[in-house]
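Please treat every number below as a calculation from the coordinates, not as lab data. Keep in mind the model is a prediction, meaning the values are calculated, not measured. Ideal geometry is used to build each Cβ from the backbone, glycine not excepted, and the neighbour counts take in all protein chains shown.
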Amino acid sequence: MNNFSASARLNFIFFFCFLFISFSLQAQQKPKLLAGPVVGSVTPTSAKVWIGYRGTGKNTLILMDTTAKKIFYPLAESHIAGPKGQVALTMQFEKLEPGHYYNIIIEIDGWGKEVRYGFKTPLTEETQNFNFLLGSCLLLETGLPRIFYPGFKAFILNRMKDKNADFMLWMGDNVYLLWKDHKNYNNMFKRNMKMRSRFKKLNRFLANQPNVAGWDDHDFGPNNAGSDWHLKDTSLKIFKGFWPNTYPENQALYGNYFKYSYYDADFFVTDNRYFKAPHADTAGSFLGETQILWLKQQLQTSQATFKFIVIGSQVISEKRFGEKYIDYDRERRDLLDFIADNNIKGTMFLTGDMHFSELCKNDWNGYPMYDYTCSSLTSVPLPVRLVGLNKNPLRIPGTKKLGHNFGRISISGEAGNRICTLENFKRNGKRKWVYSINQNELSKP
């Protein structure tokens, strides 16, 4: 009798284990919105919107113009697929109205329909006051890796959300491909999707405002990886599949670089990975010949008041600490000489990577070159003793910030007298420092 009871109990346990596994598998296969929406590049008349979902069938995004009470359907879409039926979907919308607010309607077959708050398109006037956030190095972990670094300071994203910026500029290491994450396509996809689906603070922040994103080594592959990384095309496909940027229509311009315009500011988001020569080759390329040519042409033809060159690594600092543009000084000097010799007015560098923040300035052949480094959001801060050894004579006094932080840049004032105000905030949202630059200062006398 006891043996029968034990056997019955064992069968009972096996039965419920089978049911649990069956229900779990069904739940994994059930259509579902995993992450998003994430609004990418927005212009007065266009927008790109991203979602991550699981499922098949008809899945789409629709925009509702809350001002004109009009529906907009996507004119183009692109997607990449991952394991277990997961999909990263980007949809392109055109012929929107300037200055209108759009709600996002998500439809997933088998999941349903849901209306989410969306975004506002910019006006067509060139001179408007606006501001954007910036930051780099967002390390968030789940599971066993949390033992080594728990990523418990993700609440910085709530404080950033409170600023209600016009958009967010991500300057690289937005995702950390660690250990097995960069071994193959599926692992890269899973890591990117997990970041957005598991961390609700991040998902809410991404949905709060449009996002413009560049990359650095940890979005790309192993630490300090460059053109010799054998999965560089794979990581490029993943990055473009998760960040809805304004990439050039000319696919011959391969790599992860593009231009984004917002009122009277142009942003040249560059790629310091895909074309980068091995680290020991100081005479080699960092951005590469094709990208440098593109950047010079864009700078020469830009009519914007401010021209922000976004790059993952520091440009102006000449301290040999960490990976910087000075490691490839021949190409660096050529670019800085070009800006100074052609007096490309309003140029400024925005950089990340260093795990501390600072504002550097160098008078280069009579041109005042500024570089605002903003890092890190949640990744391990640089120890104080190392920063102490890294005293930088080009750093503007009072602009060093250790620990987790983020930045904000505000553009204000009348045409011809526009002011660029740089700010740095602690992880609790309190301002650490502020520095203002008049547009007329960013040129040779």
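If one takes the longest principal axis of the Cα atoms in the chain, at what angle in degrees, from 0 to 90 and to the nearest 10, does the Cα axis of helix 289-301 lie?
Computed tilt is about 60 degrees.
Rounded to two decimals, what ratio of Rg to Rh does the stretch 32-120 give with C-alpha atoms and a Kirkwood Rh? Each step should come with its number before you reach the end.
Details: Rg = 12.7 Å, Rh = 13.1 Å.
Reported Rg/Rh (Cα atoms, Kirkwood Rh): 0.97.
Given +1 on the Cβ of Lys and Arg, -1 on the Cβ of Asp and Glu, and no further charges, what dipole in debye does the stretch 32-120 carry about its Cα centre, rounded to the nearest 20?
160
Quick one: helix 185-198 against the long Cα principal axis of the chain, what's the angle to the nearest 10°, folded into 0 to 90?
90
Measure off 7 Å from each Cα along the Cα-to-Cβ vector at N131 and H230, then give the distance between these two points in nanometres to one decimal.
4.9
Could you work out the local net charge near S302, counting Lys and Arg as +1, Asp and Glu as -1, over the other residues with Cβ closer than 14 Å to its Cβ?
With Lys, Arg at +1 and Asp, Glu at -1, the net is +1.
So how much slack lies between A81 and D109, counting 0.36 nm per residue of separation and subtracting their Cα-Cα distance, in nm?
Extending this stretch completely gives an extra 8.4 nm.
Placing unit charges on C-beta atoms (Lys and Arg positive, Asp and Glu negative, everything else neutral), compute the dipole magnitude of the stretch 170-305 about its Cα centre in debye, rounded to 20.
Here the size comes out at about 900 debye.
Which FRET efficiency value, to the nearest 0.05, is calculated for R333 and K69 with the Förster distance at 35 angstrom and r the Cβ-Cβ distance?
So, using R0 = 35 Å, E works out to roughly 0.05.
Taking R0 as 25 Å, what FRET efficiency do you get between E441 and D162 from their Cβ-Cβ distance, rounded to the nearest 0.05? Intermediate results must be reported in sequence, preceding the final value.
Details: r = 31 Å, r/R0 = 1.22.
Calculated transfer efficiency: 0.25.
R0 = 45 Å: FRET efficiency of K237 with N417, Cβ-based, nearest 0.05?
So the FRET efficiency works out to roughly 0.50.
For K296, give me every one of the lysines with a C-alpha distance below 30 angstrom, ignoring sequence neighbours fewer than eight places off in its own chain.
K296 reaches K48, K232, K237, K240, K259, K276, K307, K319, K324, K345, K361, K444.
Among D281, D329, D173, which one moves the most in a GNM of the chain with springs linking Cα atoms closer than 10 Å?
Sorting by GNM fluctuation, first place goes to D281.
Sort 395-405, 284-294, 345-355 by the packing proxy (mean of other Cβ within 10 Å over each peptide's residues), most packed first.
345-355, 284-294, 395-405
Suppose a student asked you for the relative contact order of the stretch 308-424, using Cα pairs under 8 Å spaced at least 6 residues apart; what percent would you report?
Relative contact order of the stretch 308-424: 23 percent.
Calculate, in nm to one decimal, what E97 and Q300 gain on full extension: separation in residues at 0.36 nm each, minus their alpha carbon distance.
Answer, rounded to one decimal: 70.1 nm.
Quick one: helix 329-341 against the long Cα principal axis of the chain, what's the angle to the nearest 10°, folded into 0 to 90?
Computed tilt is about 60 degrees.
With contacts defined as alpha carbon pairs under 8 Å and 6 or more residues apart, what's the relative contact order of the stretch 130-441 in percent?
Values: 669 pairs, mean separation 55.2, N = 312.
Once normalised by length, the contact order is 18 percent.
Could you work out how far apart the two model spin labels at L123 and R204 are, taking each label as a point 7 Å from the Cα in the direction of the beta carbon, and quote it in nm?
Once both label points are built, they end up 3.1 nm from each other.
Taking every DSSP beta bridge with both residues inside the chain, roughly what % is antiparallel (nearest 5)?
Beta bridges within the chain, antiparallel portion: roughly 75 percent.
With viscosity set to 1.567 mPa s and temperature to 4 °C, compute the Stokes-Einstein D of the chain, Rh being the Kirkwood radius across alpha carbon pairs; µm²/s, no decimals.
Working: Rh = 23.1 Å.
Estimated diffusion coefficient is 56 µm²/s.
Summing +1 for each Lys or Arg and -1 for each Asp or Glu, what net charge is found among the other residues whose Cβ lies under 12 Å from the Cβ of I51?
With Lys, Arg at +1 and Asp, Glu at -1, the net is +2.
Full-extension gain between T290 and L178, please, as 0.36 nm times their residue separation minus the C-alpha to C-alpha distance. Can you show the working numbers first?
Values: separation 112, 0.36 × 112 = 40.32 nm, distance 2.99 nm.
Contour length minus Cα-Cα distance gives 37.3 nm.
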